[in-house]
1. Condition check: within 30 Å of E84 (Cβ to Cβ) and either loosely packed, with under 13 Cβ neighbours inside 10 Å or out of contact with any Gly (no Cβ under 7 Å at 6 or more places or on another chain) (or both). Does D53 satisfy that?
2. Given the conditions (1) open to solvent by less than 80 Å² (accessible area, probe 1.4 Å); (2) in contact (Cβ under 8 Å) with a residue 24 or more places away in the chain; (3) in contact with a Lys or Arg (Cβ under 9 Å, 6 or more places away or on another chain), report the number of the one that Y89 does not fulfil.
3. Quick check on K30: is it farther than 30 Å from M1 by Cβ, open to solvent by 100 Å² or more (accessible area, probe 1.4 Å) and either of a type in the set (D, E, K, R) or at pLDDT 95 or above (or both)?
4. Suppose we filter the range 9-22 for residues that are open to solvent by 60 Å² or more (accessible area, probe 1.4 Å) and free of Cβ contacts under 8 Å to residues at least 60 places away in the same chain; how many remain?
5. Is there any pair linking a residue in the range 40-61 that is in contact (Cβ under 8 Å) with a residue 60 or more places away in the chain to one that is acidic (D, E) and surrounded by 13 or more Cβ atoms within 10 Å (Cβ to Cβ), with Cβ under 6 Å and at least six apart or on different chains, and which?
6. When residues of the range 61-91 are filtered for being within 18 Å of the chain's Cα centre (by Cα) and not in a loop (DSSP other than H, G, I, E, B), how many remain?
7. Which condition from (1) closer than 18 Å to I91 by Cα; (2) open to solvent by less than 30 Å² (accessible area, probe 1.4 Å); (3) of a type outside the set (D, E) is the one that K79 breaks?
8. For the range 33-42, enumerate the residues that are in a loop (DSSP other than H, G, I, E, B) and either within 19 Å of N67 (Cβ to Cβ) or open to solvent by 40 Å² or more (accessible area, probe 1.4 Å) (or both).
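The values are calculated or read from the model by the stated rules, or taken from the named source; none is laboratory data. Bear in mind the structure is a predicted one, so any value in this text is a computation, not a measurement. Reconstructed Cβ throughout: ideal geometry from the backbone, glycine too, with neighbour counts over all protein chains shown. Accessible surface areas use protein heavy atoms only, side chains included; no ligands, DNA or RNA. Shrake-Rupley method; radii C 1.70, N 1.55, O 1.52, S 1.80 Å.
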Amino acid sequence: MRIGIDIDGVLTDYMKYCREVGLKWCNENKKGKMINQNAYNTTDMFGWDDQTDTMFWLENIFDYAENNPVIDNASNIIKKLKEENNIIYII
């Protein structure tokens, strides 16, 4: 079987990153405030318009991709899937 595994929210804790780094970014740049900590995207989480959201991600996307830790046990689960002869695609 071919299995696609998404990084955001599957292999990493996307929500935690958005809350922590987004709130710090809000304070440093005086752009919005936390309005819904359970929202799945930063526009709803901080009340940003699309331009502000783009600014945030342009500044933080590489930090997110390179430094956000993988969720516990993700590696073991992927290894098990591979041992079962599945083809894994990281998306």
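1. On the way: within 30 Å of E84 (Cβ to Cβ): no; either loosely packed, with under 13 Cβ neighbours inside 10 Å or out of contact with any Gly (no Cβ under 7 Å at 6 or more places or on another chain) (or both): yes.
Answer is no for this residue.
2. For Y89, the exception is condition (1).
3. On the way: farther than 30 Å from M1 by Cβ: yes; open to solvent by 100 Å² or more (accessible area, probe 1.4 Å): yes; either of a type in the set (D, E, K, R) or at pLDDT 95 or above (or both): yes.
It is true that K30 is farther than 30 Å from M1 by Cβ, open to solvent by 100 Å² or more (accessible area, probe 1.4 Å) and either of a type in the set (D, E, K, R) or at pLDDT 95 or above (or both).
4. Here is the first cut: in the range 9-22, the residues open to solvent by 60 Å² or more (accessible area, probe 1.4 Å) are 10, 13, 16, 19-20.
Then keep just the ones that are free of Cβ contacts under 8 Å to residues at least 60 places away in the same chain; that gives 13, 16, 19-20.
Final tally of qualifying residues: 4.
5. Filtered contacts from the range 40-61: no entries.
6. Looking only at the range 61-91, we keep the residues that are within 18 Å of the chain's Cα centre (by Cα), and these are 61-75, 89-91.
Checking the rest, the ones that are also not in a loop (DSSP other than H, G, I, E, B) come to 61-67, 70, 74-75, 89-90.
Residues flagged as within 18 Å of the chain's Cα centre (by Cα) and not in a loop (DSSP other than H, G, I, E, B) within the range 61-91 amount to 12.
7. (2)
8. To start, the set of residues in the range 33-42 that are in a loop (DSSP other than H, G, I, E, B) comprises 33-41.
Hits for the range 33-42 are K33, M34, I35, N36, Q37, N38, Y40, N41.
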